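Asker: Below is a structure I'd like to ask you about.
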């Protein structure tokens, strides 16, 4: 209730600060009988972890998940799945520059004022490190949803954007480059841009798109818990996200009804899919697709004048090893949150009819 | 849990179909001791109701709210507030054209398949008529949040968009025209455009913006229930919404960190507000602002070929009295949902510290 | 969240004060496709209503339920079921004796201090009149659970108690007498005792027992939401309840394990059923049985010295038409709450396995 | 939602099987700013742990809690508190006798049928070992409730029961004997009885009473979440509990209203306290007291004929080191659950008034 849980029936609760002893979580409500592929979970964690390529932060965090419960002889048992990712070397850092000063566009100041006390080491609870726990749970949710495919990818880095329709993309190429953009030419452009930005000691925002195929009709619970509303909340809860649109999105607001309506085919599918696979908050069996906007990382390697705890303006020099652009590592997080939403709705949907 | 409740401590549950006996709801968790201004509630309902201007649907629905409980001698008592809006003339309609046929880009077909049975009259539960209950609850939430101002307005109708910064707008003008756009010149343009669209038997989408001032610092519960994540879910749960962005939004994804960071002033405010009043999911005391994209109304006064229950393709002629553009009536709904989110977080925030 | 909802998936929210305009509720999560027997709902309401026999309060309240939504052409639609029971004659009462004085062993004083304001008419929200809404929802839950039988009955009135094992009782006789005791001889004794107590201007407590047969194995969600823990909460939430025990109950605490263990039969049933049909919080297919203790009604027709709002000790004369013993009317309430618990767990159980 | 969480605002989620890698939990919603006394937490754990006296199971489990998050420089930070208790030697046991056979009056069979798979080692999730996590969270809740005193004690072992009124007991003596009965003479009797029972290879049930003093008026949320209803659920969720009564309890059902009503004193207190400190579901400032009935431990050191997975009747010999009577170790668990209920309601109560 204080915001660290997600989902109603397939429910993840996470804990942990960036540089505390461990992060982790509990998944309650995972059905019994899933033969878990533990390697697939670690693979998703590796897609999120620092140091995986020259484009991301060079911090060294192995991010190995340990399971404490809920799995027996390789299968889920229906009891809660407790897990942890131990933080390594968390004591060796120097935090003196952020202990008393508030980094611009970071949560330091609001945490201090809301809670009166703050674990400032590495951003504490407000750090995106928390999302590793989501990736673990999302990877399990994916295995519950074995017939559904969820493909996220980078569709924009700063001003460089994919203009293709997603149908023309080959998602097998997403992991072929460190940007995680399925268009190799654009990927190369994006990569060059990120390298340049990093050289400037700056950062840049970007967009992650996601396409979900083979979703069974009927997921989503109107009226408040519409499928796209939960997807939106899920994405907006990821660090640095500023916007969410699905189907025709903001562009749809400019259209006329006669252009925008998705006409039916005789088989129940639709000729177009401006609806983005969701009608009235319920999946209609067509592809679900949406976009998630990420702001540039707030920690820059430049000097900024900022406020300290004592109310004085002070100079602050960015240091540490940070991502110049967050979207390549955000791809598995977007997939994980989408999987959590779908897993939960697929369980909820079992209660719909007599 | 089946999706008809919103909020954790200030919690609204709604019921009712468009053309059933009544719609209404229960607000649980409203604090005791609020001297309710019942007229203000009805005023917000009137801003949402059909027939209020030449620009909106000409259906006649008085939308008068009746309170059953939770109010005594003009004050809230802390017990649940039950209320209803009785539907008038709900039996006189002819629904033969939608009883067995699925309107394109409507929820008819997914409801039929998800639930196996559907109250097709006027769209039943999937009708935006449900939002009248939200407006009632939101108007009460506004009274709980008496020091906060929440101003929504139409910022785009189809291709016609406000380009000003919201600081230059005078929200006192929002209600001065039927479009609910605070810029009189743009409002006139928008109005003319909507009239033309209606003449064509067509509909058009639009954007509602919302500005919230004087929000106390500290609202929002990381990590999953971030303030902007709940606002996003709240907005995306409104019928016809396709996208949500706050602060710099999608444009922020194109920026560099050095441009995007909000530098502090010595008083704790920030020089810019790309963050949109929310940092790390918690209000920081600056203005909260966001945009909500609405698709064009799916019911058009043109002939469409569509699917019926028997799987046949049939001709369907739009009829009835529908809105050519939904955004003027959506303004009070956006405000109501924003108020519900803030009311809930303001109660939750009371539990933050020892 | 402020306590007026019950259940997770089959979820009832109630509203209403004893002498306000109406009481009622919303059932969210009722599956679609149930052909509702409305008469059966009214029948249960009639078993609870005042004035039904010479043994209970002689107040006249017709207690007719009106449904607003969620039912179409006789079937549940899966959308929320809104309903109300309008209070009649609620304005004609004289409440001067309780407006400022706190009735002993009533909730008057705690409501006043907790909420700062109180609808004192007829006890307001703290009145057992609220339970009529539970009976409506419980009657619908029974129809969802059509293969399960739920039989509550009066097993004690003051010192007069049934000593038979429930297996020897014929529940068809429960409704044959106004006490709702299936043993006609004991019923007659109890009836005589209640008449005498009423003559003295006094009241008396009692016990309601409940037997549930044909419960499918597997209901209940360990560890906190054990089947008997939810049944206990459900019963303890009924006005005037002081205790709950199931299976061997308090007597079981005196036994040895060698006497108490239920040995298996080869078909999986057990030779004895001290476990009361629940093992580790999960139904095991045997009969569930439990007892609920009710205190004597606090409103007596005698003069009591009590406290008023001003902190003075004042004389108070009981008046109005009150029950001398609450258990006969509590029987359908106990059944309703049991049905709500089982309905919710039967929906939750659909999510247990892959 | 699948039952492994307790509380709304102060919310504990537990995980872990008896002989898995670890048990533990996450506390979400603990307010920031509590200076935690870690030793006090370990002290409560030690009161629950095996091997603490000659009267309880001689298993060796150190039960040391490790905190992963939510505490910084000795204070709670308002972020989730993750913790674990690692199981030691969990691999060395021999479970062949329970792998395929269902112990009578244990949860083995229902788990197998509900989930289709079961961690049979030491009872898995159905083991009372899970309650160690509750004791950790309860010990933190006690520190949030620093002005409230919560004293549980053994009031009956089999047929040997305390007959004193609790006011005459000296709770300082509770920990002076291994039975945890504050009456030294009765404690000696109980101890002798338990030793004899153990010698017989048998087990025996008992009763734990609990007295809570200095509870602020106003805790509890009518109508479903009455204070005593949540206390009842909390207690009934503890392994082996068969009944709960508060205040006058089952004895109150035999009384007349004229005897049972608690008459007010001029200071707002009451002359008697049959209400048990709760009126209409809300604490009234008087002592809260209740009783919890525990059945005899089902594992006995005698041969029983039972069912196996294959549906055959087989001989089963109890082995291992089990408690002959569970109540001495249940005392801190009852206190912990009471503390969780009160902590949650004290946070919820902050939202009651404007």
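Where a number appears in this text, it was derived from the coordinates with a stated rule and is not lab data. Keep in mind that what you see is a predicted model, and the values were worked out from it rather than measured. No Cβ is skipped: glycine too gets one built from the backbone with ideal geometry, and neighbour counts run over all protein chains shown.
Asker: Relative to the longest principal axis of the C-alpha atoms of chain B, give the angle of the C-alpha long axis of helix B:184-199, reported between 0 and 90° and rounded to the nearest 10°.
Answerer: 20
Asker: If I histogram all Cα-Cα distances within segment A:5-351 using bins 20 Å wide from 0, what percent of pairs lands in each bin?
Answerer: For segment A:5-351, the pair-distance distribution reads 29, 57, 14, 0.
Asker: Also, I was wondering about something else. Closest approach to the D-B rotation axis by any Cβ of D: residue and distance in angstrom?
Answerer: Residue nearest the D-to-B axis, with distance in whole Å: D:350, 2.
Asker: Nearest 500 deg cm²/dmol is fine: what mean residue ellipticity at 222 nm does chain D get from its DSSP H runs of n ≥ 4 alone, each adding -39,500 (n - 2.57), divided by its residue count? Mind dumping the intermediate values first?
Answerer: Numbers: 9 runs with 93 residues, N = 354.
Calculated at 222 nm, the ellipticity per residue is -8000 deg cm²/dmol.
Asker: Let me ask something else about it. Mind checking the mean number of beta-carbon atoms from other chains within 10 Å of the Cβ atoms in D:289-299?
Answerer: 5
Asker: Quick check: the distance between the Cα centres of segment D:266-282 and segment B:12-30, to the nearest angstrom?
Answerer: Centre-to-centre distance over Cα atoms comes out at 37 Å.
Asker: Could I have the simple spin-label model distance between residue D:53 and residue D:99, label points 7 Å from Cα toward Cβ, reported in nm to one decimal?
Answerer: The modelled label-to-label distance comes out at 3.7 nm.
Asker: Given contacts defined as C-alpha pairs under 8 Å and at least six residues apart, what's the relative contact order of segment D:5-351, whole-number percent?
Answerer: Worked out over segment D:5-351, it gives 23 percent.
Asker: Oh, and also: With the crude spin-label approximation of a point 7 Å out along Cα→Cβ, what separation in nm comes out for residue A:37 versus residue A:308?
Answerer: Rounded to a tenth, the inter-label distance reads 5.3 nm.
Asker: Can you list the copy-to-copy distances for residue D:64, using a point 7 angstrom from Cα toward Cβ, in nanometres, shortest first?
Answerer: The projected label point of residue D:64 is separated from its counterparts by 2.1, 7.2, 7.3 nm.
Asker: Enter the mean projected area of the convex hull around the alpha-carbon atoms of segment D:219-354, in nm², rounded to one decimal.
Answerer: 13.0
Asker: For each of D:307, A:144, count neighbouring Cβ atoms within 10 Å of the residue's Cβ, then give the residues from fewest to most.
Answerer: Numbers: D:307 24, A:144 20.
Taking fewest neighbouring Cβ atoms as first place, the list is A:144, D:307.
Asker: If you restrict to DSSP beta bridges whose two residues both lie in the protein assembly as shown, what percentage is antiparallel, to the nearest 5?
Answerer: About 95 percent, rounded to the nearest 5.
Asker: Continuing with this model, one more query. Just want the ordering: B:72, D:171, from fewest to most Cβ atoms lying within 10 Å of their own Cβ.
Answerer: D:171, B:72
Asker: If you line up the long axis of helix B:327-348 against the longest principal axis of chain B, both from Cα atoms, how many degrees apart are they, to the nearest 10?
Answerer: 50
Asker: Further question on the same structure: With axes computed from alpha carbons, what is the tilt in degrees of helix A:227-236 against the longest principal axis of chain A, rounded to the nearest 10 within 0 to 90?
Answerer: The angle comes out near 10 degrees.
Asker: Per residue of A:63-76, what is the mean number of Cβ atoms on other protein chains within 10 angstrom of that residue's Cβ?
Answerer: That average works out to 5.
Asker: Find how many whole Å separate the alpha carbon centroid of segment B:154-199 from the alpha carbon centroid of segment A:299-348.
Answerer: 36
Asker: Place the label 7 angstrom along Cα→C-beta at residue A:216 and in each other copy, then list the distances from the first to the rest in nm, shortest first.
Answerer: Here residue A:216 shows inter-copy label distances of 1.5, 4.6, 4.8 nm.
Asker: Now, a different point. Bins of 10 Å, beginning at zero and ending with the bin holding the largest distance: percent of Cα pairs per bin for the protein assembly as shown, please.
Answerer: 2, 9, 17, 22, 21, 16, 9, 4, 1, 0
Asker: Can you tell me which of B:183-191, B:147-155 comes out highest on packing, and rank the rest after it, using the mean Cβ neighbours within 10 Å?
Answerer: Details: B:183-191: 18.6, B:147-155: 21.4.
Packing proxy ranking, top to bottom: B:147-155, B:183-191.
Asker: Taking the alpha-carbon centroid of each part, what is the distance from segment B:33-110 to segment C:38-111 in angstrom?
Answerer: So the separation of the two Cα centres works out to 25 Å.
Asker: For a footprinting-style exposure proxy, rank C:127, D:105, A:146 by other Cβ within 10 Å, fewest first.
Answerer: Sorted ascending by nearby Cβ count, the order is A:146, C:127, D:105.
Asker: At residue A:165, with labels set 7 Å past Cα in the Cβ direction, how many nm apart are the copies from this one, shortest first?
Answerer: 4.0, 7.4, 8.5
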